[in-house]
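Scroll down for the structure; my scribbles are underneath it.
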Amino acid sequence: MAAKSALTAEAERLPLARALAGRRALGRLLIADRTALAGLLIVAIVLAVAVAAPLLAPHDPNAQDVLNQFKPPSAQHLLGTDQFGRDELSRIIIGARISVLTSLAVGAAILVIGVVVGTVSGLAGGLLDGAIMRVVDVLLAFPSVLLALAVAGTLGPGLGHLAVAMTLVWWVDYARLVRGLVLGVKEQQYIESARALGVSGRRLALRHVLPNVAPPIIVLATLQTARLLLALAALSFLGLGVAPPTAEWGAMLNDGKNFLDTAPQLMLYPGLAITITALGFNLLGEGLRDVLDPSLR
Amino acid sequence: MTYVVRRVAYLIPTWLAITLLAFLIAQLAPGDPASSYFERLNGRPPGRIELARTRHLLGLDQPVAERYLRWLGQAVQGNLGTSYSSGLPVTHELLSRFPATLELATAATLLAVLLGVPLGVIAASRRSSLLDHVTRGGSLIVGSAPGFWVAYILIIVFSVKLRLLPSFGTGGLSHLILPAVALGLAEAGLLARLGRSSMLEVLREEYITTARAKGLPEWRVTWQHGLRNSLNAVVTQVGLVFGFLLAYSAIIEVIFVWPGIGALAVNAINQRDYPMIEGFVVFTGTVFILVNLAVDLIYMALDPRISLGSQTATAAG
Amino acid sequence: MSDPLPLLDVSGLEVTFPTDAGDVHAVSGITLAVRRGERVGLAGESGSGKTATAMAISGLLPRSVRTSGSIRLGGRELTGLARRDRRKLCGSHIGMIFQNPQSSLNPALTIGRQIAEPLRLHLGLSRAAARARALELLDEVGMASPARSFEEYPHRFSGGMRQRAMIAIALSCRPELIIADEPTTALDVTIQAQILELLARLCAEHGSALLVITHDLGVLAGLADRILVMYSGRILEEGPVDCIYDRARNPYTQALLAAISRIDRPLETLRPIPGDPPSGLQMAGGCVFHPRCPNAVGICRTEVPVLLPRADPGHRCACHLADQLDGPPLDAGGKS
C-alpha cells in the first residue's frame, strides 16, 4: 500500500466517500465527469438502437438485390450496399441487436456465476476456497479468447454454442475480484457483529457483504462488456457464431475482408460500430472508476 | 531459494490442470471422433465393424480416466498425438511453426514497449495536461477497436491503397512490418495504460517527495526515481501482456497468413483437428506458465526487497 | 544575536488546497522568522497546517495548491521564482527531513547512492569524491560500518537507522536551513531522544538553522530556542521556549501543555482537549479555537485575535482574553 504523505492526508480531510452518502451525490458527480457522461450517452444510444432494431432498420437486412451491389451511399441506402446488394445500414442496425444483446446476455451470465462462486469461495474459506481458486488460476493461466475459441470450435457452429463457450471462460474475472472483496469485507467489524447477533450465512451475504462490494463489480461489469463485445467480434470473425446470411458485426467483417480492393468501406462500418460501442462502455467504466475511487484519477 | 522451489513446485499441478483442460475440451467434440476419423481417412462413413475397429484403434473403448492418463503419459514425453489434417506429429508441427510466432511477438512487443512505456510515463508525470488526456484517449480508442479490424485498416491503407507493403506471407522485414504494427499497436495501448497507472501510484509515494526535496529537477525525479519502481509493477503484469499477445497473434497470423502456431490452431479448429487443438492448448499453456515463472524470477531479481529469504533490520537504532 | 536579519522570513503566508469538497484553507496568514543558527519549533496538532507551511517554504507543494504571501530566504524572495529555480534551492540551501523513514527512502536505490545524489547534483562532486563525503556523513550520523551501509538498500535498516540516513542526506550540502517535519514521530520512544540529540548537535556543528515541526511539545522542550504554536492555519502564540512552557497565555497552548505528561506533575492530571480540530473547509468565524475553548466569550466568535506582545521579550499571544488571564497560568486542576 502506498504511504500517503502527510501533506496529502492533511489536504483530504473530507474523504469523498462521506460526500458520496446518497446516490444523488453519485449521480451529480457522474454528470460532472465528462468521460463517464460521454460513455453513458454512447451506451444509451447503442442500447436503444439494439433494442428497437427491427423498427429502425429502413430495409430488410437480408433482402438481396444483386444488381445493386457495392453501391455508394445514397438517399435510399445511407451507407450503401454490400456484395449482395443488401442495405448496409440495416445490417449494421440489426447487427447491433445481435452483437450487443449477446454480449450483455453473456455478461449477465458471467456476472451471476462469478459473483456466486466468488462469494461462496470467499465466505467459505478453507479447502473449498483453495479448490475453487485453483480452477480460477488455471483458467486465467490461459488467454480467454483462445480458450473460448477452442471450446466454441469444438462445440460446433451457432451463436448458442459461442455464447456458452464465452460464458464458460469469462466468469473467472468476477470470481477472483469478488472473492478478494469478500475477504476484505469479512475482516471488517460489522460482519463480526452481525454474526454475533446470529445473522445466518445467506442473509449475511446478501444484506451485509454484497452492498459494500458492489462498486468495483459495477466498474468491472462495464469494462467487461466492452471486452466481451470485442471477443465476440473476433470469434465470429473467425467463423464461429452466427451463420450467413445473419447480420452480425464480426461476421460482416469476415465477409468484408474479401473485398478489400473493391469495397473497403464494407470493412469500415462494422468496425466503427464495434469500436464506438466498446469505447462507450470503456468510457463509462473508466468514468465510474474515477468517481468511485478518485485516488486513481 | 525455498521460494523459487515452491514456486516451481506450484507449477506442476497447474500444468496438469491445463492438460486436463485440453483433454476435456477435446471431449466436448460433437459427433463420434472415431466415425469422423474413419471418414476422413476413407472418404465415407464407417460400417459397424469398421467403426468398432477404429474405436479400438484410437483407444476410445477405454474409460475416460484411463484415456486421459495414457494421453498424459504421452504428453509428458513430448508426444502430443498426430494431427488429423496433416498426419504429422502435433509436437513437430507446433515446434516448427513456433519460431515464426516468436518472431512476430518479439517484434510487436519491442514496438509496443518503445512506444507505450514512454507515453505512459510521460502521461503520468504531467497530470491532467493535454498530453495526458491525448495519451489516455488514444489508448482508450485503440483499446476499444477490434485488433483484427485495425489490421485490416492498415492493410487497406498501406497495402491496397498505397501499395507500400505486402499484406501476407513471410519473407523479410517488409512482410513483418504490418503484422507487427497491428499487433504492437494494441499492445502499446495496454502497456501505456499499465505504465501510466503504475507510475501514478509511484509518484505519490513519499520517497518521490524526498527526491524533490534534494533539489532534483522534475524530469530526473520521474525517470530516475519513479521509473525504476514503476517498472517493477509493470513487469509483474507482463504475464497479462503475454496472454494478450498469444490471443491476438492467432488472429493476426490468420489475417496476414503468417505461418505461426496461432494460424495453425485456428485452422485446426476449422477442420476439427482435435489432437491439434488439444496439443495447442497444452503447448501454449506450458509456454505461458514458463513465461510467468521467468517473469516472477526477473521481478525477484529486480526488486531488492524480495531477495533470497528477505532479511530486514540488521541492527537496531 | 550575530545577524539581525532573519535567515528565513515568512510573512502573510496563505496556503489553499482545492479539493472535490471545496477549498481547504490549510494556512490562513502566518508570519514566522528563523535566524541563522536558531532552533525554532512549530507546534500543532495534525490538520493545523504545519506541514503545509513546511512544504510551502521549500516549494514542494503541488501545482494545484495556491499560495500567497512572502517567503524570503537570506533576503531573497522565493515566491516569485520559477519552479525550476525554486527546486535548485532544495538540498543546497534548504534540507528536509520527513516523518516516515519507512517510506521516505527509495527502495530501489542503495543508501549510498541516495546520499551521494545531492552531493553530485549541487556540489558537482565526482563519483569518488561524493562517495568519500557520503561515508563521512554516514559516520557523522552514527551509522555502524559506513562502508557496508553505503551499499545496502533501505529495507535492510531499522527506522532509526533510516532516519539517520535521512539526516545525512539533508545535511550533505550544508544547507543554511533544515526543516524537520515530525522527525521522530514514527520512531520508537527509546530512539527518539537519540535522533533528536543527533539532529541538534549536527545542526550546531554545521551552523544550520533548524525548524522542527511536531505535535509533541515534549520533543521541543530540550531542542528549540523558540516555539510557535499553530492551530487551524494560524499562529496562536509564539515565544522563547521557557516562556511558552512556564508562562503560556493562549488557552490552546495551555491546553496543549496540560495534555502532555510532565515530570513535575502527577499523571492523573492529563486533560485532553475536547472536540475535534476543524477540517479547514468551513472556517469558524472569529478566533479559530473558540469552538473548543473553555473561556470563549462573545468577541471570540466574531473577531480574529491578533498576535500581541506580552511581558517577556519575544513572547506574543493571540487571544482576546490574554490580559484577563494574566494571573498564574491554568494549572493542572483547571482553576485560573
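The test for being modelled with pLDDT of 85 or more and either of a type in the set (S, T, N, Q) or surrounded by 16 or more Cβ atoms within 10 Å (Cβ to Cβ) (or both) holds for A:Val106. The set of residues in region C:187-219 that are within 15 Å of the chain's Cα centre (by Cα) and either of a type outside the set (Val, Ile, Thr) or not assigned by TED's automatic domain parsing to the domain that holds C:Phe150 (or both) comprises C:Leu196, C:Leu199, C:Ala200, C:Cys203, C:Ser208, C:Ala209, C:Leu210, C:Leu211, C:His215, C:Asp216, C:Leu217, C:Gly218. Count of region C:29-85 residues, restricted to those that are touching a residue at least 40 places away in the same chain (Cβ under 8 Å) and more than 14 Å from chain A (Cβ to nearest Cβ), is 21. Looking at region B:27-87, what helices (runs of 4 or more DSSP H) fall wholly within it and have at least 1 residues that are over 21 Å from B:Asp273 (Cβ atoms)? Helices (runs of 4 or more DSSP H) meeting the threshold: B:48-57, B:64-76. With the structure loaded, tell me whether B:Leu227 is over 18 Å from A:Pro143 (Cα atoms), more than 13 Å from chain A (Cβ to nearest Cβ) and assigned to a helix (DSSP H, G or I) or whether it fails that test. Yes: the conditions hold for B:Leu227. Within region B:58-75, the presence of a residue that is over 34 Å from the mean Cα position of the chain (by Cα) and at pLDDT 80 or above is excluded. Of all residues in region C:239-255, those satisfying the criterion of being under 19 Å from the mean Cα position of the chain (by Cα) and surrounded by fewer than 24 Cβ atoms within 10 Å (Cβ to Cβ) are C:Pro240, C:Val241, C:Asp242, C:Cys243, C:Tyr245. Set side by side, the residues C:Asp188, C:Asp216 differ, and just one is among the charged types (D, E, K, R), in contact (Cβ under 8 Å) with a residue 40 or more places away in the chain and surrounded by fewer than 17 Cβ atoms within 10 Å (Cβ to Cβ), which is C:Asp216. The residue that is nearest to C:Ser58 (Cα to Cα), among those in region C:101-130 that are touching a residue at least 60 places away in the same chain (Cβ under 8 Å) and crowded, with 23+ Cβ neighbours inside 10 Å, is C:Ser104. Among the residues of region C:93-109, how many are part of a loop (DSSP other than H, G, I, E, B) and either at pLDDT below 90 or outside the structural domain of C:Asp139 (by TED's automatic domain parsing) (or both)? Count: 6. Considering the conditions (1) more than 21 Å from the chain's Cα centre (by Cα); (2) crowded, with 17+ Cβ neighbours inside 10 Å; (3) within 25 Å of A:Gly271 (Cβ to Cβ); (4) within 13 Å of chain A (Cβ to nearest Cβ), B:Lys161 is excluded by exactly one of them, (2). C:Val34 falls short on exactly one of the conditions (1) closer than 18 Å to C:Gly233 by Cβ; (2) at pLDDT 90 or above; (3) surrounded by 24 or more Cβ atoms within 10 Å (Cβ to Cβ), and that condition is (1).
Of the residues making up region B:256-267, those that are crowded, with 23+ Cβ neighbours inside 10 Å and under 12 Å from A:Leu238 (Cβ atoms) number 2. C:Arg113 fulfils the conditions (1) within 11 Å of chain B (Cβ to nearest Cβ); (2) within 30 Å of C:Ser70 (Cα to Cα) except for a single criterion, (2). Candidates in region B:182-224 are the residues that are more than 10 Å from chain C (Cβ to nearest Cβ) and touching a Phe, Trp or Tyr at 6+ places or on another chain (Cβ under 9 Å); of these, the one that is surrounded by the fewest Cβ atoms within 10 Å (Cβ to Cβ) is B:Leu190. Just one of the listed residues (B:Ile269, B:Ile277, B:Ile255) is in a helix (DSSP H, G or I), over 14 Å from the mean Cα position of the chain (by Cα), at the interface with another protein chain (Cβ under 7 Å from one of its Cβ atoms) and touching a residue at least 60 places away in the same chain (Cβ under 8 Å), and it is B:Ile277.
Candidates in region A:259-271 are the residues that are outside any loop (DSSP other than H, G, I, E, B) and either more than 9 Å from every other protein chain (Cβ to nearest Cβ) or under 16 Å from A:His161 (Cβ atoms) (or both); of these, the one that is nearest to the chain's Cα centre (by Cα) is A:Tyr269.
Quick grid of which residues meet (1) in a helix (DSSP H, G or I); (2) at pLDDT below 85; (3) more than 8 Å from chain B (Cβ to nearest Cβ); (4) surrounded by fewer than 21 Cβ atoms within 10 Å (Cβ to Cβ):
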position	(1), (2), (3), (4)
A:Gly118	yes, no, yes, no
A:Leu127	yes, yes, yes, yes
A:Ala131	yes, yes, yes, yes
A:Asp137	yes, yes, no, yes
A:Ala148	yes, no, yes, no
A:Val151	yes, yes, no, no
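Of C:Arg148, C:Arg133, C:Arg174, C:Arg164, which residue is among the charged types (D, E, K, R), free of Cβ contacts under 8 Å to residues at least 60 places away in the same chain and assigned to a loop (DSSP other than H, G, I, E, B)? That would be C:Arg174, the only listed residue that is among the charged types (D, E, K, R), free of Cβ contacts under 8 Å to residues at least 60 places away in the same chain and assigned to a loop (DSSP other than H, G, I, E, B).
Of C:Leu210, C:Leu202, C:Leu196, all but one fail to be modelled with pLDDT of 90 or more, within 30 Å of C:Gly69 (Cα to Cα) and in contact with a helix residue (DSSP H, G or I) (Cβ under 9 Å, 6 or more places away or on another chain); the exception is C:Leu210. Just one of the listed residues (C:Glu176, C:Glu151) is away from chain B (no Cβ under 12 Å) and either over 24 Å from C:Ala209 (Cβ atoms) or modelled with pLDDT of 90 or more (or both), namely C:Glu176. When every residue of region A:250-258 is checked against the conditions, none turns out to be in a helix (DSSP H, G or I), in contact with a Leu (Cβ under 6 Å, 6 or more places away or on another chain) and more than 9 Å from chain B (Cβ to nearest Cβ). Scanning region A:44-66 for residues that are closer than 19 Å to A:Gln76 by Cβ and assigned to a loop (DSSP other than H, G, I, E, B) yields a total of 9. Within region B:9-19, if we keep just the residues that are under 20 Å from the mean Cα position of the chain (by Cα) and not aromatic (Phe, Trp, Tyr), the residue that is farthest from the other protein chains (Cβ to nearest Cβ) turns out to be B:Ile12.
The values are calculated or read from the model by the stated rules, or taken from the named source; none is laboratory data. Remember, it's a predicted structure, so these values are computed and weren't measured experimentally. Note that each Cβ is placed from the backbone with ideal geometry, even for glycine, and that neighbours are counted across all protein chains shown.
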